[in-house]
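*Asks:* Starting off with a structure, shown below.
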Amino acid sequence: MRNRLLCVFMLAAALALVASATSSPAQTWPQRPVKFLVTLGPGSSIDIGTRLLADQLSKRWGQPVVVENRPGGDGLVAISAMVAAHDDHVLLASPTSSFTAHPFVYKNVPYKPEDLQPIARVSNTIIVIAAPADLPVQSLAGPARPAPSIFSWQRSCAKLA
């Protein structure tokens, strides 16, 4: 019984050694420089975040990671360029709103939604609303009712099934 257990253990160890020595596609990617196409212009929050991410990924992957801004067309310019590249080393960096709403907003979208596969959530977007310091307001909720002429805002909610 002891010999049989030792034999099974040795076989498992040998298989583990062979499996670890065999390279898999996930371990060898990227094989060349990676390019992030950004849907917004230089200096935008998505651009800054992508550049910080690219720097860390370049160190981790041992390959250059380039950030290329392709603003315009509500993100359609960058998305179309990424899809047209047919290159697994060209990735998209975009707020999700740049491509999730397109099929509902535009009649003819120049790409198929199934051409895009989200692979990572990089950040949470925080939006701050600021007012001039001399405006006597502490929040949007307070003065909006008594003085609607001072404030104007719109909100929309949609629930997709």
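The values are calculated or read from the model by the stated rules, or taken from the named source; none is laboratory data. As the structure is a computational prediction, the values presented were derived from the model and not from experiment. Quick reminder, even Gly has a Cβ in these numbers, built from the backbone with ideal geometry, and neighbours come from all protein chains shown.
*Asks:* Please specify each residue of the range 83-104 satisfying the condition of being of a type in the set (A, V, I, L, M), within 23 Å of residue 124 (Cβ to Cβ) and in contact (Cβ under 8 Å) with a residue 12 or more places away in the chain. Before you say what the answer is, go through the steps one by one.
*Replies:* Restricting attention to the range 83-104, the residues satisfying the condition of being of a type in the set (A, V, I, L, M) are 83-85, 90-93, 101.
Those left that are additionally within 23 Å of residue 124 (Cβ to Cβ): 91-93, 101.
Residues satisfying the conditions are 91, 92, 93.
*Asks:* Report every pair of residues separated by at least 6 positions or lying on different chains whose Cβ atoms are under 9 Å apart, first residue within the range 61-74 and more than 9 Å from residue 39 (Cα to Cα), second in a strand (DSSP E or B) and among the small types (Gly, Ala, Ser).
*Replies:* Short answer, once both residue conditions are applied: 67/93.
*Asks:* Identify, from the list 58, 80, the residue that is closer than 30 Å to residue 28 by Cβ, surrounded by 14 or more Cβ atoms within 10 Å (Cβ to Cβ) and at pLDDT 95 or above.
*Replies:* Sole residue among the options that is closer than 30 Å to residue 28 by Cβ, surrounded by 14 or more Cβ atoms within 10 Å (Cβ to Cβ) and at pLDDT 95 or above: 58.
*Asks:* Right, next: Of all residues in the range 84-98 being under 23 Å from residue 29 (Cβ atoms) and crowded, with 16+ Cβ neighbours inside 10 Å, which is modelled with the lowest pLDDT?
*Replies:* Our first condition is that a residue be under 23 Å from residue 29 (Cβ atoms); within the range 84-98, this holds for 84-94.
Keeping just the survivors that are crowded, with 16+ Cβ neighbours inside 10 Å gives 90-94.
Details: 90: 96, 91: 96, 92: 95, 93: 94, 94: 91.
Applying the filter and picking the extreme gives 94.
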